[in-house]
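Asker: Supplied in structure tokens, the structure appears directly below.
Readers should treat all values here as calculations from the given coordinates under stated rules, not as data from a laboratory. What you see is a predicted model, and the numbers here were worked out from it, not measured in a lab. Heads up, the Cβs are rebuilt from the backbone with ideal geometry, glycines too, and the neighbour counts pull from every protein chain shown.
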Amino acid sequence: MWQRDQVRVLRCLRRLPKIEADMVRLFYFDRLSQATIAAMFEVKQPSVHGRLIRACERLRFLLAMPPRANARRMLAVLPIPARDADLVRLMWRTTSQSETGRRLGYRQNYVRVRFIKVIRRLRAQPLAQEQQAYVEVLERIRDRPGILASPLTDDGLVPCRRMQRQRRPRT
């Protein structure tokens, strides 16, 4: 049982930003202190503490997903209108309204409103158990937008634009 849970946690760690995943591994698996981790990453200890808290929130979110859940399966089992399928899929993947809007060419407000309408329509229908589980994940995304997004990355995968800009040196 413990090994199966550990494997699931390790899989979920892959969805976190690399620096947070590394800090979680070092703190919880290797049992290093926050001060030691801070020295390794050349940051202050409160920064490590904050990243660990954020990483644990993200892990709780990911671990609450149905086993083997993915966006393709969700779209196959839920009656989501074709015009909203890409929006829901990207919200599932990124949990970020602004990133979803940027990728689809929509305003963030439009993404939020459409996403909420999809969830309301799904809730108004009788749902099977598997469908219910997917709708609950969508509701968690609605309640915690950006849970998987990071200030360092838009979707946990690539550097975002604001981190790529060159900063001018202060004079």
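Asker: Per-residue HN-Hα couplings for the range 34-50, Karplus 6.51 cos²θ - 1.76 cosθ + 1.60 at θ = phi - 60°, whole Hz, x for Gly and Pro?
Answerer: 5, 5, 5, 5, 4, 5, 5, 9, 6, 10, 7, 4, x, 5, 4, 4, x
Asker: With label points built 7 Å along Cα→Cβ from the Cα atoms of Val9 and Arg140, find their separation and express it in nm.
Answerer: Reported label-point gap for Val9 and Arg140 is 1.6 nm.
Asker: Taking the radius of gyration and the Kirkwood hydrodynamic radius from Cα positions alone, what is the Rg/Rh ratio for the range 22-132, to two decimal places?
Answerer: Taking Rh as the inverse mean 1/r over Cα pairs, Rg/Rh reads 1.12.
Asker: Could you work out how much longer the chain between Lys18 and Leu63 gets when fully extended? Use 0.36 nm per residue separation minus the Cα distance between them, nm to one decimal.
Answerer: Fully extending the segment from Lys18 to Leu63 adds 14.4 nm.
Asker: For Tyr110 paired with Arg72, estimate the spin-label separation in nm (one decimal), with each label point 7 Å from Cα along the Cα-to-Cβ line.
Answerer: According to this spin-label approximation, the distance is 2.8 nm.
Asker: Now for a separate question. Which distance in nm do the two modelled labels at Lys117 and Phe29 give, with both placed 7 Å along the Cα-to-Cβ direction?
Answerer: Inter-label distance under the simple model: 4.4 nm.
Asker: As an exercise, identify the trypsin sites (Lys or Arg not before Pro) in the range 52-98 lying in DSSP coil whose Cβ has no more than 14 other Cβ atoms within 10 Å.
Answerer: Arg68
Asker: Which value, in debye to the nearest 20, describes the size of the charge dipole of the range 1-143 about its Cα centre when Lys and Arg Cβ atoms bear +1, Asp and Glu Cβ atoms bear -1, and nothing else is charged?
Answerer: The dipole magnitude comes to about 440 debye.
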